[in-house]
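Please find one structure pasted underneath; my questions will follow.
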Amino acid sequence: MFIAHGLSVVRHFSDQIAVMYLGKFMEVSPAAELYSKPIHPYTEALLSAMPLPDPRENRVRERRVIGGEPPNPIQPPPGCRFHTRCPRATDICQEVEPPLAEYAGGHLAACHHPLNVDSTEISAAARSPLSPLSAGELMPGGREGAASGTQLPGVSRATAGPSDAPDGQDGAG
């Protein structure tokens, strides 16, 4: 496992990348696909902030700037943790935490309004078993999702992390 805050560095070390925001997975994807087809708006914003090697190209490209202030990580907002800063947020984002939807190729994203996927891909997406217990059942496209059987290598529900523990317990000691 390699943890970093710069996606420009991560692409050189990782075959699979997980993007987190306030302790929750926003997107998990094979590296090549994450850079060519980001599904979560936060991932898209992070990628647009990466400097490009060509200074001319870097100056003229469009960047997705994330507005607002990050929420309090000790008391994160209900629903999607990114909704307070997301340009695509709607009422559902404020109310229901999105599950990790599994798209083709093992690409996972937790977003009610995903980017770079068409209606066929959205309707074929399944709820990932890696979805946090706190996530709602509503999948992108407004349907309730059935879990897929796919599991990421080296990741199990038992090690999903403290934010998924019941009753605020962190599982330590």
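The values are calculated or read from the model by the stated rules, or taken from the named source; none is laboratory data. Treat the numbers as computed from the prediction; the structure is a model and nothing was measured. Cβ: placed from backbone, ideal geometry, glycine included. Neighbour counts: every protein chain shown.
When you scan the range 40-56, how many residues do you find that are touching a residue at least 12 places away in the same chain (Cβ under 8 Å), of a type in the set (A, V, I, L, M) and touching a helix residue (DSSP H, G or I) at 6+ places or on another chain (Cβ under 9 Å)?
4
Restricting to the range 141-167, give me the number of residues that are within 18 Å of residue 105 (Cβ to Cβ) and either modelled with pLDDT of 95 or more or of a type in the set (Asp, Glu) (or both).
0
Got a number for residues in the range 101-131 being surrounded by fewer than 22 Cβ atoms within 10 Å (Cβ to Cβ) and assigned to a loop (DSSP other than H, G, I, E, B)?
6
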